[in-house]
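Visitor: To start, I am sharing the structure in question, which I have written as structure tokens.
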Amino acid sequence: MSQIRPLFKREFLGYFRSPVAYVFLIAFLLISVSLAFSRYGNFFKAGTASLETYFLFFPWLFMFIVPAVGMRLWSEEKRSGTVELLLTLPVTTLEAVLGKFLAGWAFLTLAVLLSFPMALTVAFLGDPDWGIIASTYLGAILMAGAYLGICALTSALTKNQVISFILSLAACAMLVFLGLSSFTTTLESFLPVGIADVVSNFSFVTHFDAFTKGIVDPKDVAFFLSLIGFTLFLNVVALER
Amino acid sequence: MIEVKGLVKTYGNKHAVDGITFTVKRGEILGFLGPNGAGKSTTMKMITGFIRPDAGTATVGGIDVAVDPVGVKRQLGYLPESAPAYPEMTVEEFLRFIAEIRGFRETSEKRARVEHVLGLTHLASVRTQTIETLSKGYKQRVGFAQALIHNPPALVLDEPTDGLDPNQKNEVRTLIRNMAAEKAVILSTHILEEVEAICTRVIIIASGRIVADETPSALRARQPGARLDEIFRALTT
């Protein structure tokens, strides 16, 4: 497992060797902040010193923005042929998968944490509940990992980054929509309520919501972590087949 | 050092590699010859553990690649076809990454390794350039440097002189010949003169099967007076 470190380092610094990282970070912060201040977010009108309206859009924003980070993880290596170099170095497929995934996750974590001026703003304007803010950040980071797991998997399936992006967008969108009330109502119209409940339980929104209310439920943490574990397992299988 | 027994790889109903068997000892340079699509690269990819054979075994230094792939990869230096490398890294960053993953974690040791191969492959003048800005000859040398960084006992080189100008070709051949004494080397090529210039043995494969396995001089003696490419054509068509 000591081989993960050099892989992680190369991949993480790789984001900053091209303009990708800077474009991504600026776009992410710009979009997320403007959504919060828009008439849909009502950051000021809400009248509470919390980041709820800021994080409200994260499941939606991640749907587009995480595939942008994840699509290149394996597709790029496959297209340029470096995957042959990487997998003939003395590393196991699992180490390669983990090194890359953790680097991408660290990058997304950095992006999420760079929104801390928003937290400072609410602290300046009022007296926010720091516990809720901390749990929301934790939830956002875990959710980003789950999104990235899916994107890393789809990226390992193709050498075409566009296909990889669209596949992961579709998969992530499904996992978001599952939790919307309109969608579950439709499901309930032709499925037993119990089954519809199970299906909607797979939604990112359902599990992220609790974090934004200050609840760190082990069930939600386990959901995101097991989704990460499952997708990474499939990622290894996809590369070794 | 490198032992291949009955390797088979099938894609659909096409036998890319169809029961190839050979061994390469230390001090030998094996030239792997064949028309495009004959199965040269596929065989090399199976030896290096990049793809899994459908049947047969490949061992390097007594380790079966199917049993302990990482153990084999540790002993091998591999230059894949067209020398892939991360384009956005500089030559130095790239080689430092390879050194680190090859187990040289101490800064001084890592630096010494990188400096050594930079000198060996004459890359010192472009060390701070990103790989995407390099010419084909330099890229090929970066791939070569990467394969040599841990001074491996076995080398697998897929078309090491492809795309190089005559001077660079000569330089690479000298380099291979100079270090071959204590290594087992397999190199694929379709340049026949290259085989005569540096290889101690030659294997010709066609449609996934070995059609000749002998010394370059024995190959020439098959048809006295004929040119090598005539012999090659007679064997592979």
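The values are calculated or read from the model by the stated rules, or taken from the named source; none is laboratory data. The model shown is predicted, which means the values in this text are computed figures rather than measured ones. A quick note on method: Cβ atoms are made from the backbone with ideal geometry, for glycine too, and the neighbour counts reach across all protein chains shown. For accessibility, only protein heavy atoms count, side chains too; no ligands or nucleic acids. Shrake-Rupley method; radii C 1.70, N 1.55, O 1.52, S 1.80 Å.
Visitor: Anything in segment A:181-208 that is part of a loop (DSSP other than H, G, I, E, B) and touching a helix residue (DSSP H, G or I) at 6+ places or on another chain (Cβ under 7 Å)? List them, or say none. If you could, list the steps in order and put the result at the bottom.
Guide: First, pick out the residues of segment A:181-208 that are part of a loop (DSSP other than H, G, I, E, B): A:191-192, A:201-203.
If the condition is that a residue be part of a loop (DSSP other than H, G, I, E, B) and touching a helix residue (DSSP H, G or I) at 6+ places or on another chain (Cβ under 7 Å), then A:Phe202, A:Ser203 are the ones that fit.
Visitor: Now a separate question. How many residues does segment A:1-58 hold that are within 11 Å of chain B (Cβ to nearest Cβ), of a type in the set (Gly, Ala, Ser) and without any contact (Cβ under 8 Å) to a residue 40 or more places away in the chain?
Guide: Adding up the residues that qualify gives 2.
Visitor: Taking the conditions exactly as written (in contact with a Pro (Cβ under 8 Å, 6 or more places away or on another chain) and either under 19 Å from B:Ala212 (Cβ atoms) or open to solvent by less than 40 Å² (accessible area, probe 1.4 Å) (or both)), does B:Leu95 satisfy them or not? Before the answer, list the steps.
Guide: Details: in contact with a Pro (Cβ under 8 Å, 6 or more places away or on another chain): no; either under 19 Å from B:Ala212 (Cβ atoms) or open to solvent by less than 40 Å² (accessible area, probe 1.4 Å) (or both): yes.
Considered against the rule, which asks whether it is in contact with a Pro (Cβ under 8 Å, 6 or more places away or on another chain) and either under 19 Å from B:Ala212 (Cβ atoms) or open to solvent by less than 40 Å² (accessible area, probe 1.4 Å) (or both), B:Leu95 comes out as no.
Visitor: Still on this structure, please answer the following. For segment A:120-127, check the following and say yes or no: at least one residue is of a type outside the set (A, V, I, L, M, F, W, C), under 27 Å from A:Asn160 (Cα atoms), open to solvent by 50 Å² or more (accessible area, probe 1.4 Å) and out of contact with any strand residue (DSSP E or B) (no Cβ under 7 Å at 6 or more places or on another chain). Step through it out loud before you land on a result.
Guide: To start, the set of residues in segment A:120-127 that are of a type outside the set (A, V, I, L, M, F, W, C) comprises A:121, A:126-127.
Imposing the further condition that a residue be under 27 Å from A:Asn160 (Cα atoms) reduces the set to none.
Within segment A:120-127, none of the residues are of a type outside the set (A, V, I, L, M, F, W, C), under 27 Å from A:Asn160 (Cα atoms), open to solvent by 50 Å² or more (accessible area, probe 1.4 Å) and out of contact with any strand residue (DSSP E or B) (no Cβ under 7 Å at 6 or more places or on another chain).
Visitor: Answer with yes or no whether A:Gly70 is in contact with a Ser or Thr (Cβ under 7 Å, 6 or more places away or on another chain) and closer than 26 Å to B:Leu157 by Cα.
Guide: On the way: in contact with a Ser or Thr (Cβ under 7 Å, 6 or more places away or on another chain): yes; closer than 26 Å to B:Leu157 by Cα: no.
Against the criterion (in contact with a Ser or Thr (Cβ under 7 Å, 6 or more places away or on another chain) and closer than 26 Å to B:Leu157 by Cα), A:Gly70 does not qualify.
Visitor: I'm checking my understanding of the structure. Among residues of segment A:49-86 that are under 14 Å from the mean Cα position of the chain (by Cα) and among the β-branched types (Val, Ile, Thr), which one is farthest from A:Phe116 (Cα to Cα)?
Guide: It comes out as A:Val69.
Visitor: Oh, and also: Are any of the residues in segment A:109-118 touching a Leu at 6+ places or on another chain (Cβ under 7 Å) and not in a helix (DSSP H, G or I)?
Guide: Restricting attention to segment A:109-118, the residues satisfying the condition of being touching a Leu at 6+ places or on another chain (Cβ under 7 Å) are A:111, A:114-115, A:118.
The next check asks that each one be not in a helix (DSSP H, G or I); those that pass are A:114-115.
Yes, segment A:109-118 contains a residue that is touching a Leu at 6+ places or on another chain (Cβ under 7 Å) and not in a helix (DSSP H, G or I).
Visitor: Against the condition touching a strand residue (DSSP E or B) at 6+ places or on another chain (Cβ under 8 Å) and within 11 Å of chain B (Cβ to nearest Cβ), how does A:Thr88 come out, does it pass? Show your work before the answer.
Guide: Numbers: touching a strand residue (DSSP E or B) at 6+ places or on another chain (Cβ under 8 Å): yes; within 11 Å of chain B (Cβ to nearest Cβ): yes.
Against the criterion (touching a strand residue (DSSP E or B) at 6+ places or on another chain (Cβ under 8 Å) and within 11 Å of chain B (Cβ to nearest Cβ)), A:Thr88 qualifies.
Visitor: Can you name the strands (runs of 3 or more DSSP E) wholly within segment B:1-52 that have at least 3 residues being charged (D, E, K, R)? Please lay out each step first, then the result.
Guide: Details: elements: B:2-11, B:14-24, B:29-33.
Strands (runs of 3 or more DSSP E) meeting the threshold: B:2-11.
Visitor: Which residue pairs have Cβ atoms closer than 7 Å, lie 6 or more positions apart in sequence or on different chains, and pair a first residue in segment B:32-50 that is within 14 Å of chain A (Cβ to nearest Cβ) with a second residue that is of a type in the set (D, E, K, R) and open to solvent by less than 10 Å² (accessible area, probe 1.4 Å)?
Guide: These pairs meet every condition: B:Ser41/B:Asp158; B:Met44/B:Asp158.
Visitor: Right, another one. Listed residues A:Ala119, A:Ala103, A:Ala96; which is over 30 Å from B:Thr43 (Cβ atoms), of a type in the set (Gly, Ala, Ser) and within 14 Å of another protein chain (Cβ to nearest Cβ)? Explain how you work it out, then say what you get.
Guide: Details: A:Ala119 fails: within 14 Å of another protein chain (Cβ to nearest Cβ); A:Ala96 fails: over 30 Å from B:Thr43 (Cβ atoms).
That would be A:Ala103, the only listed residue that is over 30 Å from B:Thr43 (Cβ atoms), of a type in the set (Gly, Ala, Ser) and within 14 Å of another protein chain (Cβ to nearest Cβ).
Visitor: Oh, and also: For segment A:134-175, which positions are open to solvent by less than 20 Å² (accessible area, probe 1.4 Å) and closer than 20 Å to A:Pro218 by Cα?
Guide: Residues satisfying the conditions are A:Ser135, A:Thr136, A:Gly139, A:Ala140, A:Leu142, A:Met143, A:Ala144, A:Gly145, A:Ala146, A:Tyr147, A:Gly149.
Visitor: Can you pull out every residue in segment B:52-62 that is within 12 Å of chain A (Cβ to nearest Cβ) and open to solvent by 40 Å² or more (accessible area, probe 1.4 Å)?
Guide: First pass over segment B:52-62, keeping only residues within 12 Å of chain A (Cβ to nearest Cβ): B:52, B:60.
The one that is within 12 Å of chain A (Cβ to nearest Cβ) and open to solvent by 40 Å² or more (accessible area, probe 1.4 Å): B:Arg52.
Visitor: What number goes with the only condition from (1) open to solvent by 50 Å² or more (accessible area, probe 1.4 Å); (2) under 30 Å from B:Leu134 (Cα atoms) that B:Ala83 does not pass?
Guide: (1)
Visitor: Also: Can you name every residue in segment B:78-105 that is away from chain A (no Cβ under 13 Å) and assigned to a loop (DSSP other than H, G, I, E, B)?
Guide: Hits for segment B:78-105: nothing passes.
Visitor: Could you list, in sequence order, all residues of segment A:13-61 that are part of a loop (DSSP other than H, G, I, E, B) and open to solvent by 60 Å² or more (accessible area, probe 1.4 Å)? Lay out the reasoning, then the answer.
Guide: Going through segment A:13-61, the residues part of a loop (DSSP other than H, G, I, E, B) turn out to be A:18-19, A:38-51, A:56-57.
Answer for segment A:13-61, where residues must be part of a loop (DSSP other than H, G, I, E, B) and open to solvent by 60 Å² or more (accessible area, probe 1.4 Å): A:Pro19, A:Arg39, A:Tyr40, A:Phe44, A:Lys45, A:Gly47, A:Thr48, A:Leu56.
Visitor: Does B:Ile149 meet the test of being within 10 Å of another protein chain (Cβ to nearest Cβ) and open to solvent by less than 30 Å² (accessible area, probe 1.4 Å)?
Guide: Numbers: within 10 Å of another protein chain (Cβ to nearest Cβ): no; open to solvent by less than 30 Å² (accessible area, probe 1.4 Å): yes.
No.
Visitor: Can you find a residue in segment B:27-46 that is among the β-branched types (Val, Ile, Thr) and surrounded by fewer than 18 Cβ atoms within 10 Å (Cβ to Cβ)? Spell out the reasoning first.
Guide: Here is the first cut: in segment B:27-46, the ones among the β-branched types (Val, Ile, Thr) are B:29, B:42-43.
Filter again for surrounded by fewer than 18 Cβ atoms within 10 Å (Cβ to Cβ), leaving none.
Scanning segment B:27-46 turns up no residue that is among the β-branched types (Val, Ile, Thr) and surrounded by fewer than 18 Cβ atoms within 10 Å (Cβ to Cβ).
Visitor: I'd like to know if segment B:115-133 contains one or more residues that are part of a helix (DSSP H, G or I), more than 9 Å from every other protein chain (Cβ to nearest Cβ) and of a type in the set (Asp, Glu). Before the answer, list the steps.
Guide: Of segment B:115-133, the ones part of a helix (DSSP H, G or I) are B:115-120, B:124-126, B:131-133.
Filter once more, so that each one left must be more than 9 Å from every other protein chain (Cβ to nearest Cβ): B:115-120, B:124-126, B:131-133.
From what is left, the residues that are of a type in the set (Asp, Glu) are B:115, B:132.
Yes: one or more hits.
Visitor: On the basis of being open to solvent by less than 10 Å² (accessible area, probe 1.4 Å) and part of a loop (DSSP other than H, G, I, E, B), does A:Pro90 make the cut? First the steps, then the outcome.
Guide: Working: open to solvent by less than 10 Å² (accessible area, probe 1.4 Å): yes; part of a loop (DSSP other than H, G, I, E, B): yes.
So A:Pro90 fits the description; yes.
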